[in-house]
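A quick write-up on the structure given underneath.
The values are calculated or read from the model by the stated rules, or taken from the named source; none is laboratory data. Here the structure is a predicted model, which is why all the values come from computation and not from measurement. Methodologically, a virtual Cβ is constructed for each residue, glycine included, from the backbone with ideal geometry; neighbour enumeration extends over all protein chains shown.
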Amino acid sequence: MNGDIEQHGFSVVANLFAHSEVESLLAALGSLSTAGRRGLLDVPAVAGLAVSEKLLKLVRPHVSNVPRPVRAIYFDKSADANWLVAWHQDLTLAVRERVDVPGFGPWSVKAGVPHVQAPVELLEQMLAARIHLDDCDETNGALRVLRGTHRLGRLSSERIQQLRKEHKDVVYHASAGE
């Protein structure tokens with residue numbers, strides 16, 4: 001592994017998926033006409049991967065409860081289909097329906113699915129897994145993180161900009177299957 005989840009907030013596992021597994025997943029996903037698609041837990045190949053022992057054995061040591069996938073998104077960023085993503089934290093959860101509960105909000109709708117910002121206490125129990133289906137660098141969506149900021153709670157845009165001055169960002173050039 002490259003990086004440490006507890007200390008740095010991320011970890012990279014080289015050669016996790018074989019080329020044949022990546023190709024099979026790409027075939028199941030099909031082509032995109034835009035840079036991304038949501039709601040992929042409805043795709044059997046993605047749902048199976050999300051609960052596979054290969055992935056869960058990496059997640060289990062870092063969560064207190066039984067891991068359970070809650071969302072899958074497919075991004076295919078390129079020079080023709082890309083967008084600028086400002087520095088941010090992933091704070092929004094996809095849910096089946098809107099239910100107003102104290103501490104949850106604001107609400108939004110993405111691709112027809114209600115989304116809500118969750119309390120920090122819940123977010124701290126979650127872990128995002130990113131699987132690269134092609135090689136990735138700064139030109140097509142490389143992961144960029146500020147090490148150690150994952151333990152600072154919910155951050156304002158201003159605080160994130162301040163932290164960018166205090167923490168060296170890490171850009172990870174990924175290979176397909178990582």
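Matching residues to (1) farther than 30 Å from SER20 by Cβ; (2) assigned to a strand (DSSP E or B); (3) free of Cβ contacts under 8 Å to residues at least 24 places away in the same chain:
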residue: HIS115; (1), (2), (3): yes, yes, yes
residue: GLU121; (1), (2), (3): yes, no, yes
residue: ALA129; (1), (2), (3): no, no, no
residue: HIS132; (1), (2), (3): no, no, no
residue: THR139; (1), (2), (3): no, no, no
residue: HIS150; (1), (2), (3): yes, no, no
residue: ARG154; (1), (2), (3): yes, no, no
residue: ARG159; (1), (2), (3): yes, no, yes
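The residue that is surrounded by the fewest Cβ atoms within 10 Å (Cβ to Cβ), among those in segment 53-79 that are among the aliphatic types (A, V, I, L, M) and either within 19 Å of LEU143 (Cβ to Cβ) or in contact (Cβ under 8 Å) with a residue 24 or more places away in the chain (or both), is ALA79. The criterion of at least 2 residues that are among the aliphatic types (A, V, I, L, M) and within 23 Å of LEU122 (Cα to Cα) is met, among helices (runs of 4 or more DSSP H) falling completely within segment 1-83, by 44-50, 53-59. Would you check if SER108 is of a type in the set (S, T, N, Q), surrounded by fewer than 16 Cβ atoms within 10 Å (Cβ to Cβ), in contact with a His (Cβ under 9 Å, 6 or more places away or on another chain) and farther than 27 Å from LEU26 by Cα? Taking the combined requirement at face value, the residue satisfies it. Note on segment 130-154: residues that are in contact with a Leu (Cβ under 7 Å, 6 or more places away or on another chain), of a type in the set (D, E, K, R) and closer than 17 Å to ALA86 by Cα total 1. Being of a type in the set (Gly, Ala, Ser) and surrounded by 12 or more Cβ atoms within 10 Å (Cβ to Cβ) holds for only one residue in SER156, SER175, and it is SER175. If the condition is being farther than 22 Å from SER31 by Cβ and surrounded by 15 or more Cβ atoms within 10 Å (Cβ to Cβ), then segment 131-141 contributes no residue at all. Across segment 1-11, the qualifying residues are those that are in contact with a strand residue (DSSP E or B) (Cβ under 9 Å, 6 or more places away or on another chain) and under 25 Å from ALA94 (Cβ atoms), and the one among them that is surrounded by the most Cβ atoms within 10 Å (Cβ to Cβ) is PHE10.
Look at (1) surrounded by 14 or more Cβ atoms within 10 Å (Cβ to Cβ); (2) part of a loop (DSSP other than H, G, I, E, B); (3) at pLDDT below 95 and you find that LEU93 fails only one, number (2). Within segment 13-33, how many residues are within 18 Å of the chain's Cα centre (by Cα) and either under 22 Å from ALA94 (Cβ atoms) or surrounded by fewer than 16 Cβ atoms within 10 Å (Cβ to Cβ) (or both)? Adding up the residues that qualify gives 3.
For first residues located in segment 97-113 and modelled with pLDDT of 95 or more, partners that are among the hydrophobic types (A, V, I, L, M, F, W, C) and exposed (fewer than 10 other Cβ atoms within 10 Å of the Cβ) and lie 6+ apart or on another chain with Cβ distances below 9 Å form the pairs ARG98/VAL109.
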